[in-house]
Amino acid sequence: MRHEELQHLLDLATSVALEAGRVLSERFSAAGPTQAVTDSILSKTSRTDLVTEADHSSERLVISRILAARPQDAIVAEESGAVDGTSGLTWVVDPLDGTINFVYGFPVFGVSIACRSKAAALLGVVHDPTRGETFTAISGGGAFRDGSPLILRQGPAVGEALVGTGFSYMSERRSAQGRLLAHVLPHVRDIRRAGAAAIDLCWVAAGRLDAFYEAGLAPWDLAAGSLIVTEAGGTVEEVPDLLQPDESGEGVSTLLAAAPGLGAPLRALLASAP
């Protein structure tokens, strides 16, 4: 696909993400859960995994805008599932990454939109409405924050790395992640857990974190942010078998994103956990 076509798709994704961000901002209360928010909360995979009307409103907006402009494209979205398409392009949408943060008034959440061909990711947008930041990337065209290029420098030694992570809402997997964290923590500068993987990945691309790892992420959690990291010069990989099989009996891979030169030693540290 030509750069001009990719730029057109990126412009669409960016405008839609900004519009969805405005929807979220209108419903967000930094004071914590409001009656309007708590009345619209439902559980998903567990009693700690929540979805709100804000998730659904944002997702309806994103899907309607994309289909209005690109009716032949497919869509995979967190809350409503999949919409089939015939063009060979698929949009991967997280309408509110960081729902728990949103509910509690913790100001780290965002809208994540990516577009893929059958072969690879083409573009990604992550909009952070509380900071007014928009991270974008086109495959082969670099990564940007509000139009300014993101170019990662060589990462630090593992012992000097600030590392982000996240945790599952499934109790057994969370317990395993806690044991892995206990192994990692003494060997790095420090750990951060912000609660929104798409934002965490963008913060790796922006140099706010040296690396980020988390097991069991869904495609909508990582599609846009992973491309933004790699286009900024970082590395992204799936590391298998760090955790025991989860409640479903299936193995769980761990996404590892890192600044240049840090991925391999950090992967070795993760793999050395007992």
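Is it fair to say GLY225 is modelled with pLDDT of 95 or more and either assigned to a strand (DSSP E or B) or within 21 Å of PHE144 (Cβ to Cβ) (or both)?
Numbers: modelled with pLDDT of 95 or more: yes; either assigned to a strand (DSSP E or B) or within 21 Å of PHE144 (Cβ to Cβ) (or both): yes.
Criteria met by GLY225.
Considering only the range 99-124, how many residues are under 17 Å from SER25 (Cβ atoms) and buried (at least 24 other Cβ atoms within 10 Å of the Cβ)? Going through the range 99-124 one residue at a time, the tally reaches 6.
Matching residues to (1) outside the structural domain of SER226 (by TED's automatic domain parsing); (2) surrounded by 20 or more Cβ atoms within 10 Å (Cβ to Cβ); (3) under 20 Å from the mean Cα position of the chain (by Cα):
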residue: VAL126; (1), (2), (3): yes, yes, yes
residue: ARG131; (1), (2), (3): yes, no, yes
residue: ALA137; (1), (2), (3): yes, yes, yes
residue: ALA143; (1), (2), (3): yes, yes, yes
residue: ASP146; (1), (2), (3): yes, no, yes
residue: VAL163; (1), (2), (3): no, yes, yes
residue: SER168; (1), (2), (3): no, yes, yes
residue: SER171; (1), (2), (3): no, no, no
residue: SER175; (1), (2), (3): no, no, no
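Of the strands (runs of 3 or more DSSP E) lying entirely inside the range 55-132, those containing at least 2 residues that are in contact (Cβ under 8 Å) with a residue 12 or more places away in the chain and within 14 Å of GLU19 (Cα to Cα) are 90-97, 110-116, 121-128.
Among residues of the range 57-91 being among the hydroxyl-bearing types (Ser, Thr, Tyr) and more than 18 Å from GLY110 (Cβ to Cβ), the one that is modelled with the lowest pLDDT is SER80.
The residue list ASP200, ASP190, ASP221 contains one member that is acidic (Asp, Glu), farther than 29 Å from SER80 by Cα and outside the structural domain of SER15 (by TED's automatic domain parsing), which is ASP190. Against the numbered list (1) touching a residue at least 60 places away in the same chain (Cβ under 8 Å); (2) touching a helix residue (DSSP H, G or I) at 6+ places or on another chain (Cβ under 7 Å); (3) closer than 21 Å to ARG208 by Cβ; (4) not charged (D, E, K, R), ILE191 comes up short only at (1).
Scanning the range 196-222 for residues that are small (Gly, Ala, Ser) and modelled with pLDDT of 95 or more, we see that the one that is farthest from the chain's Cα centre (by Cα) is GLY207. Inside the range 172-187, residues that are free of Cβ contacts under 8 Å to residues at least 40 places away in the same chain and in contact with a strand residue (DSSP E or B) (Cβ under 7 Å, 6 or more places away or on another chain) make up a count of 2.
When residues in the range 157-199 are screened for being under 16 Å from GLY263 (Cβ atoms), of a type outside the set (A, V, I, L, M) and in a helix (DSSP H, G or I), 3 of them pass. Suppose we filter the range 204-239 for residues that are surrounded by fewer than 24 Cβ atoms within 10 Å (Cβ to Cβ) and farther than 21 Å from ALA271 by Cβ; how many remain? Residues meeting the conditions: 9.
The values are calculated or read from the model by the stated rules, or taken from the named source; none is laboratory data. Keep in mind that this is a model prediction, so the values were computed, not measured. Neighbour counts are summed over all protein chains in view; Cβ atoms, including those assigned to glycine, are modelled from backbone coordinates with ideal geometry.
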